[in-house]
1. Past the 12 angstrom mark, what percentage of all C-alpha to C-alpha distances in region C:195-239 do you count?
2. Using only the Cα atoms, work out Rg/Rh for region C:71-141, with Rh taken as the Kirkwood radius, to two decimals.
3. How fast does region C:298-425 diffuse by Stokes-Einstein, in µm²/s, taking the Kirkwood radius from C-alpha pairs at 37 °C and 0.692 mPa s?
4. Kindly state, as a whole number, the per residue volume in cubic angstrom of the convex hull around the alpha carbon atoms of region A:115-175.
5. Using bins 5 angstrom wide from zero, how does P(r) for region B:1-43 break down, in % of all Cα pairs?
6. Please give the per residue volume of the convex hull enclosing the alpha carbon atoms of region A:83-301, rounded to a whole number of Å³.
7. What percentage of all Cα-Cα pairs in region A:48-155 are separated by more than 23 Å?
8. Bin width 10 Å, alpha-carbon pairs only: give the P(r) of region C:224-317 as whole percents, running from 0 to the bin holding the largest distance.
Amino acid sequence: MTPATPARPGAPAGLRRRLLAVLYRHPRAQLLLLLTPPIGWFGVVYLGSLAILLVAAFWYLDPATSAVVREFSLKNFERLIGEPVYRTVALRTVTIAVLVTLADIVIAFPIAYYMARVAAPRLRSILFMLVLLPLWSSYLVRVYAWRVILAPGGLIDWTVQQLGLPGFSPGISDFSMWLVFSYIWLPYMILPIYTGLERIPNSYFEASADLGARGATTFRRVVLPIVLPALVAGSIFTFSLTLGDYITPTLVSNSQFIGNVIYESQGVSNNVPFAAAFATVPVLIMAVYLLIARRLGAFEAL
Amino acid sequence: MSRIGLRIAAGAVLAFLYIPIIVIALYAFNAERTQAWPIRQFSTQWFAAALDNPSVRDALGLSIQVGLSATLIALVLGSLAAFAVHRFRFFGRDTISFALVLPIALPGIVTGMALNATINTAGIGFTPFTIVVGHATFCVVVVYNNVIARLRRSSRSIEEASMDLGADTWQTFRHVTFPVIRSALLAGGLLAFALSFDEIIVTTFTAGTQETIPIWILNHLRQANQRPIVNVVAVFLILLSAIPVYLSQRLTRDGGAGPTSR
Amino acid sequence: MTNRRTAALAAVLALLAAACTGGGATTAPSASAPASAAPSASESAAAESPSAAPSSNLPTSIGPGEGQLNLIIWPGYAEDGSNVKEYDWVHPFQDKTGCQVNLKPANTSDEMVTLMRQGGGTVYDGVSASGDATNRLIANGDVAEINPALIPDWNDIAPFLQSPAHNTVNGKHYGVSHGWGGNLLMYRTDIVKPAPTSWDVVFDPTASKPYQGRITAYDSPIYIADAALYLKAHNPELGITDPYELTQPQFDAAVTLLKQQRPWVGKYWSLYTDEIDNFTNGTTVVGTTWPYQVNTLKASGVAVDAVVPSEGMTGWADTWMMSAKAQHPNCMYLWMGWMVTKEVQAQVAEYFGEAPANPKACEILDKGYGSYGVKDFCTLYRVTDESFYNAISFWKTPLQDCGDGRGQTCVDYSVWTQKWTEIKS
């Protein structure tokens, strides 16, 4: 990494150097150049698209022609609020998302702790790779594999019966859905917790022990507060990914999620306005969640 | 927590992570088309069938194309945003990290529907370009996070030293700054590529008849007779992905051991 | 060092360029569309022209194939030998016409309608639409009027399928009939005993008791008609005549029946392979199905059978239709002509398990074509039995206009769709 050869003193500055010097003296211009591409992209492509979707939520589908009527109307929202089924679906989705998050925290913690504080550096790298690797194998194939595992006569049912116990095959059920979701998002929870735990200096543990705290107390009063932002960061993934998913509920359960209703409204009945209106629900939920998460410092732990 | 207990717990979680993967691998060698358990006969016939299948190769090619393009765009946009946020104070600075994380934090179906609506409104067709646009949008944040974390850990004094020695901004960037963030770029890029490679929901909304690997898998899992080939493809993906995962591990380790690490 | 990096950068940029310019079959519209097809369809459909006859400006010959064909199909309608070797009518078509076939299987009529409208109708060239999609597509101008003279085997089609109401409007033909069949009651012969003869086993609290939690039903709002059909036989006081044209009280009764059924349903199926999986491992053991699943399950040795219950059944009469904005109309015409030849009709009918629109296929079917063959197929499937055909309640789009003396008092499909979400929740 050798520094560039300096310009000879007194030599006429090239066009490039002059332009860059001008830029250097005008930080505002630098900022503008730096920010325009990403903000332009996000503003136009992403936020613009979201805005179009939001506008579409206020249109409605003409039942006679099945065509979208581009007039302002609150029909979709009236239906959302008036019919109890959408509340049921939203509540069910949020409940499962919370349960999945809690399950993932409980399952992820031991291995993250082991990786961060106990394992030798060599083992730590290997474990890190092993945790990441499943993320690279197709989500769909893994969910289908669980379907086979959980089905009557599948791996679990068969193994349990071989052991002489009564058969156990959750098959198509909410329990299966909870299990599969917890499985699929697990690496997204392990990694932030691992990173968070790794950052705690050893001295903290020693100091805590010096002050007379046992393992559990140290955990509760030293480790937990420090690792909380990481927990919240991981929960952003598990919560939001569960909230919006429609594939796993379709494959391993018979229940409708927010995602299923949105997907069927837009993809099957071509009622994009209603799908957009219902889509505001998970968006609002996530907006609130993200604001709380930012408060708790999760953004630094992402 | 006792060492033994922790070790067992960690091992159990690892086993949990790999049960379906092992099952997939087993079924890749299943002689029958139906996925009964236990497997009665083993065979390697599906490996040959998968290699022969042109649609797999096409889907793999498209996925790699899309992944590379989206990663490139994400690298550029993510770095630019990271530099802007790290180096300057301006109105709306905090909102940027919030805005960038939205594509990942909001449900994929919302992003997908929004982009789909835009594509339909703009009247452009569904092409690999539209897929790339969708992927790049949520890949930006992973690059941004990596780069800004790296920038926060490095000091500006070496840049100032470089410019004191007569280098202009571009030379400083090329010879001093870029090597510092290079590992962050590579780690972020690999993660972005991984995200794009396995993305299904946004892709179904931004693709027409094109098939990326996840879409190919979705279409073929639905046909009971194609499942054995899909299992083979999945096994192949896992084995292949060991390489970039290993690489990203090496890089984040090296990247973390910088001059100003904790 | 620099050279390697530049080379890598160049490679990535080249790939980027390839990604932008290359791509699927949907980028550039083909130039060989017969110009008259598109405008005549929208004109005749939208303007309700007074003359009840085919339009005069239809194409009179099929031009050269465009090399590609994008189809939306019911699973099983376009086989290429990858499922069962001897059932392959896609490769011979491709060899003969040079039209490369790209398939998009859909699970419900609603999905098909949505897909057909993608890209303003330019993404897909054709669809195998059932009666509950055809009239919507015709009314909205999504499909083109076709010229029967361009279909070589047109006159071989069974007379009651040449101009049926679901694909012929005001004397204008909007597609070529493909085949028809019913939604049977399938059951696991080793679990459901005695063999059911009525839809009671899925709708009645007593008859369904042993199987509650393991029942299946079709995941589409159109299934409400199956409930209505049941009520037509068991609750005649409701006065249901047509299960698709229901007044509010009739509709509400059907919805109540389905809500009662909801807790007993192990899994609603829309993906036919889901139903196959679930019947194979016993997650579901009784419920409605297409004959395709019955054939597939029997072929893999699962103990199932299917019956036409005493109350009758809903069904589907399918038509190949061409998009009004098809990018490959010549290939589509060639495909429509191909699908109605007796050889192909025999293969499809046997593989899927439906009655072919072209009874000449019976020459091949009655002897048995392939491994799914059944002796005297045409007698079993009542291929030329018009009264059996008329007894099936074929899928059609529920409209507000009851189509009879009750006027505009019927419940239309958008309400069916809303209620279906409620039923399933």
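1. Above the 12 Å cut-off, region C:195-239 has 66 percent of its Cα pairs.
2. Numbers: Rg = 13.3 Å, Rh = 13.1 Å.
Computed over Cα atoms, the ratio is 1.02.
3. Estimated diffusion coefficient is 183 µm²/s.
4. Enclosed volume per residue, from the Cα hull, is 141 Å³.
5. Reading the bins upward from 0: 5, 21, 20, 12, 11, 10, 9, 7, 4, 1.
6. On the way: hull volume 36.2 nm³, N = 219.
Looking at region A:83-301, the number lands at 165 Å³ per residue.
7. Working: 3633 of 5778 pairs.
Considering region A:48-155, 63 percent of its Cα-Cα pairs are separated by more than 23 Å.
8. Going from the shortest bin to the longest, the percentages are 15, 40, 33, 12, 1.
Readers should treat all values here as calculations from the given coordinates under stated rules, not as data from a laboratory. As the structure is a prediction and not an experimental result, all values here were calculated from the model. Reconstructed Cβ throughout: ideal geometry from the backbone, glycine too, with neighbour counts over all protein chains shown.
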